[in-house]
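What follows is one structure encoded as structure tokens, with my remarks underneath.
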Amino acid sequence: MRNLRIGVPSKGRLSELASELLGQAGLSFRRQDRSLFARVREMPVDVTFLRTDDIPILCAEGAIDMGITGSDLIAESRVDVQERLQLGVGKCRLAICVPEDSAIHAPEQLAGKRIATTFPNCTERYLKDRQTDVHLVRLSGSVEIMVALGVADAIVDLVETGSTLAANRLRIMDEIGQYQTVLVQNPNLRDAGMLALADRVVRRLEGVVIARDYSLLEYNVLRDKLADAEQITPGFDSPTVNALEDPNWCAVRVMVRRKDVIEAMERLETLGASAILETKINNCRL
Ligand code: PRP
């Protein structure tokens, strides 16, 4: 049986994120110099280093069996790939942006205007749905300066923190979509061995992705407050509850979203819970 081929971004921020995630999931590899291939140590998997925006089409065409790329690039490429897992990183929005002082507040007001973008397909779909005709300026980068250059009246670009927009005195007029880094699979992958291997890769990455998002919270609480405590920390499935020597008390272990941990701890404390501990999770199988 041949090795499973996974396409990974060859450069840029996504390249580091992908290597880090794969390594944590027990799929580690070392890229030598600018080599295009690397072999994973722990599993029969080969990593191919590709341009992030080529990964959707190369996965759809079967050059790679799986790939890590942005769901924005999948939407733009309009190819048929199966999304297997959202990786919880690289979150961004594709937005239609106009100058801060622009009188344009609705998509219909864009009729006849010039819009610069590296996402012509997503932009066309958005405008078609609103029956608005514009002049599209198709570019491959630096879209944010096109209004200042006098090339466009509006732009469609990715927004992550919003600092690029602020620096160019632009504001969001409307949002076209929300995207993040995803793991995709060739929908024509049929070989049972390959499919099983692909499932193992998904499960491994899933363990890391969930672990990054959750903490393990442990606390002791009076049994008659348990129902209230479970309302605060319902858990991923349900909390694990153990008896304590004092029959009036019990010990709870539960997964809590990291962003909610502090507030949950405060509310549990108010409820009378004690010995409230947060533990970072590196990996998990649920
Ligand atoms: C993207 C995008 C914006 C910027 C938005 O560019 O095109 O320019 O990020 O991020 P912000 O809201 O945090 O400022 P990226 O840095 O990915 O490089 P690119 O120009 O090659 O697309």
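The values are calculated or read from the model by the stated rules, or taken from the named source; none is laboratory data. Because the structure is predicted, anything quoted here is derived from the model rather than measured. Positions of Cβ are backbone-derived with ideal geometry, glycine not excepted, and every protein chain shown enters the neighbour counts. Areas reflect the complete protein model, heavy atoms only, side chains present, ligands, DNA and RNA absent. Shrake-Rupley method; radii C 1.70, N 1.55, O 1.52, S 1.80 Å.
Residues in segment 116-146 that are closer than 21 Å to Ile74 by Cα and β-branched (Val, Ile, Thr): Thr117, Thr118, Thr123, Val137, Val143. Being assigned to a helix (DSSP H, G or I) and open to solvent by 70 Å² or more (accessible area, probe 1.4 Å) is the filter here; which residues of segment 228-237 pass it? The answer is Asp228, Gln231. Residues in segment 114-135 that are away from the ligand (no atom under 14 Å from the Cβ), open to solvent by less than 30 Å² (accessible area, probe 1.4 Å) and aliphatic (A, V, I, L, M): Ile115, Leu127. Set side by side, the residues Leu50, Leu73, Leu58 differ, and just one is of a type in the set (A, V, I, L, M, F, W, C) and within 11 Å of Thr181 (Cβ to Cβ), which is Leu73. Only a single item in (1) surrounded by fewer than 20 Cβ atoms within 10 Å (Cβ to Cβ); (2) out of contact with any Lys or Arg (no Cβ under 9 Å at 6 or more places or on another chain) is not met by Val221, and it is number (1). Among residues of segment 57-69 that are charged (D, E, K, R), those with a beta-carbon under 9 Å from a residue that is outside any strand (DSSP E or B) at least six positions away or on a different chain give the pairs Glu61/Val79; Glu61/Asn186; Asp65/Cys59; Asp65/Asn186; Asp65/Leu189; Asp65/Met194; Asp65/Leu197; Asp65/Ala198. Of all the listed residues (Glu263, Glu278), the sole one being open to solvent by 80 Å² or more (accessible area, probe 1.4 Å) and without any contact (Cβ under 8 Å) to a residue 12 or more places away in the chain is Glu263. Ser163 falls short on exactly one of the conditions (1) of a type in the set (S, T, N, Q); (2) open to solvent by less than 10 Å² (accessible area, probe 1.4 Å); (3) farther than 28 Å from Cys284 by Cβ, and that condition is (2).
Gln86 versus (1) crowded, with 17+ Cβ neighbours inside 10 Å; (2) under 30 Å from Ile172 (Cα atoms): which is the lone unmet condition? Answer for Gln86: the failing condition is (1). Of the residues making up segment 149-193, those that are within 10 Å of the ligand (Cβ to nearest atom), more than 21 Å from the chain's Cα centre (by Cα) and of a type in the set (Gly, Ala, Ser) number 2.
For segment 95-113, give me each residue that is outside any helix (DSSP H, G or I) and either open to solvent by 40 Å² or more (accessible area, probe 1.4 Å) or on the phi > 0 side of the Ramachandran plot (or both). Across segment 95-113, the qualifying residues are Glu100, Asp101, Ala103, His105, Ala111, Gly112, Lys113.
Going residue by residue through segment 238-255, is there one that turns out to be open to solvent by less than 70 Å² (accessible area, probe 1.4 Å) and at pLDDT below 95? Among the residues of segment 238-255, at least one is open to solvent by less than 70 Å² (accessible area, probe 1.4 Å) and at pLDDT below 95, which makes the answer yes.
Among the residues of segment 2-24, which ones are under 17 Å from Gln185 (Cβ atoms) and either hydroxyl-bearing (Ser, Thr, Tyr) or surrounded by fewer than 21 Cβ atoms within 10 Å (Cβ to Cβ) (or both)? Passing the criteria: Arg2, Asn3, Arg5.
Just one of the numbered conditions (1) open to solvent by 50 Å² or more (accessible area, probe 1.4 Å); (2) within 20 Å of Ile74 (Cα to Cα) is not true of Leu149: (2).
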